[in-house]
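Before any comments, here is the structure.
The values are calculated or read from the model by the stated rules, or taken from the named source; none is laboratory data. Quick caveat, the model's predicted, so the values are computed rather than measured. Cβ placement follows ideal geometry from the backbone for every residue including glycine, while neighbour counts extend to all protein chains displayed. Each accessible area value is taken on the protein alone, full model and side chains, heavy atoms only, with ligands, DNA and RNA left out. Shrake-Rupley method; radii C 1.70, N 1.55, O 1.52, S 1.80 Å.
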Amino acid sequence: MKRIGILTSGGDSPGMNPFIRAAVRRGLGYGMEVVGIIAGYQGLCDSNVREMTLRSVGGILDRAGTILETARSDEFMTREGHRKALRTLNEQGIEGLVVLGGDGSMRGAMALHESGIRVVGAPGTIDNDLYGTEITIGVDTALNTVIDCIDMIRATASSHRRAFLIEVMGHHCGYLALMAGIAAGAEMICIPEKPFELEDVAAVLDHAYIRGKAHCIVVVAEGAQYNVQTIEKYLQERQQELGFDVRSSILGYIQRGGKPTAYERILATRLGAAAVDCLASGTHGVMVGVSGHQVITTPLAEVISRRQELDLSLHDLARTLEDPQTR
Ligand code: F6P
């Protein structure tokens, strides 16, 4: 294979740049020409590509975001957009493509694979919701960002004897919220995978108050059954009875902008190189991922048709450690 392309797609995630660096340098190491496609699948539709060199990926290991930019392309999803993308790949002489992104990006990769393009996917999302890998590129950094934020919020919560509802990203997946809640010692963790009622949140506040706690932290995944506004309104109406004044914080996009952690840089570097190794060895139509300490590959068809299950025993663990009497 003489010429390959790399694109990043969907929501950006910390670690995309170390991934690009590794993939570009691995490709150059094989003697390939490497092009970067700007702004994901939209760049393929628009034929927006740039030659990549050793130097073009210098100094980016520690930078969040993606130097190739990213997008959620509606056009690529259309028949005409797909045809334009195929034309760009032909005109540019791109013989193999590496796609880094989340589930929507893997669906796009599958569509190209079905059109005969040699494509290798890699998991890049803070949601950690992809089948075929234990961990995605971005989630470790996002988790550390969320924990830092919760630690800071707890400080002000304790000073004011307040309860805080903290909304964490994750789309329909509760992974980030669950892990953040465990690592930051939240009193309650609300995730889509575990139904709850508003009274359950009130009961946690009530119990924290009775135990003499100066704060009560409730982490709420953005995809949870009730959003923070609804929970906050409900709790505020019962403030006198519960004893805590309630506030909420939506952490939002700061969760995507953190400086990649050491773990992230290493994961991204391994997977960036592995994706290009696949193309070089004639393996395609797969996504690279990790299982244990090993890099693995999973067919894209399986990645997009199966769900990454959340280990709900961790939710039980968090609950029992927070309040051992609920065991
Ligand atoms: O998939 C990553 C993610 O950050 C989700 O957690 C969130 O629901 C979504 O992207 C936000 O998307 P956008 O950047 O399009 O607002």
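Could you list all residues from the stretch 98-133 that are open to solvent by less than 10 Å² (accessible area, probe 1.4 Å) and hydrophobic (A, V, I, L, M, F, W, C)?
Of everything in the stretch 98-133, those that are open to solvent by less than 10 Å² (accessible area, probe 1.4 Å) and hydrophobic (A, V, I, L, M, F, W, C) turn out to be V98, V99, L100, M106, A109, L112, V119, V120, A122, I126, L130.
Quick one: would you say R63 is more than 16 Å from the ligand (Cβ to nearest atom) and either more than 25 Å from the chain's Cα centre (by Cα) or in a helix (DSSP H, G or I) (or both)?
On the way: more than 16 Å from the ligand (Cβ to nearest atom): yes; either more than 25 Å from the chain's Cα centre (by Cα) or in a helix (DSSP H, G or I) (or both): no.
When the stated conditions are applied, R63 does not pass them.
Return the total of residues in the stretch 22-57 being more than 19 Å from the chain's Cα centre (by Cα), closer than 18 Å to M287 by Cα and crowded, with 24+ Cβ neighbours inside 10 Å. Break it down stepwise before answering.
Of the residues in the stretch 22-57, the ones more than 19 Å from the chain's Cα centre (by Cα) are 22-38, 42-57.
Filter again for closer than 18 Å to M287 by Cα, leaving 22-24, 26-27.
Imposing the further condition that a residue be crowded, with 24+ Cβ neighbours inside 10 Å reduces the set to 23-24, 27.
Of the residues in the stretch 22-57, 3 are more than 19 Å from the chain's Cα centre (by Cα), closer than 18 Å to M287 by Cα and crowded, with 24+ Cβ neighbours inside 10 Å.
Kindly check whether there is at least one residue in the stretch 132-144 that is in contact with a helix residue (DSSP H, G or I) (Cβ under 9 Å, 6 or more places away or on another chain), hydroxyl-bearing (S, T, Y) and over 22 Å from G257 (Cβ atoms).
Taking every residue of the stretch 132-144 in turn, at least one turns out to be in contact with a helix residue (DSSP H, G or I) (Cβ under 9 Å, 6 or more places away or on another chain), hydroxyl-bearing (S, T, Y) and over 22 Å from G257 (Cβ atoms).
In the list A64, A39, A23, which residue meets the criterion of being over 19 Å from E264 (Cβ atoms) and among the small types (G, A, S)? Reasoning before the result, please.
Values: A64 fails: over 19 Å from E264 (Cβ atoms); A23 fails: over 19 Å from E264 (Cβ atoms).
Answer to the check: A39.
Taking A177 as the residue in question, decide whether it is of a type in the set (A, V, I, L, M) and not assigned by TED's automatic domain parsing to the domain that holds V98. Break it down stepwise before answering.
Values: of a type in the set (A, V, I, L, M): yes; not assigned by TED's automatic domain parsing to the domain that holds V98: yes.
Yes, satisfied.
Whether any residue in the stretch 59-72 is farther than 20 Å from G124 by Cα, among the basic types (K, R) and surrounded by fewer than 19 Cβ atoms within 10 Å (Cβ to Cβ) is what I want to check.
no
May I ask you to list the residues in the stretch 134-184 that are open to solvent by 30 Å² or more (accessible area, probe 1.4 Å), in a strand (DSSP E or B) and either within 14 Å of the ligand (Cβ to nearest atom) or of a type in the set (F, W, Y) (or both)?
E167
Specify the residue that is farthest from the ligand (Cβ to nearest atom); the eligible residues are those in the stretch 268-284 that are touching a strand residue (DSSP E or B) at 6+ places or on another chain (Cβ under 8 Å) and open to solvent by 10 Å² or more (accessible area, probe 1.4 Å).
Among those that are touching a strand residue (DSSP E or B) at 6+ places or on another chain (Cβ under 8 Å) and open to solvent by 10 Å² or more (accessible area, probe 1.4 Å), it is T283.
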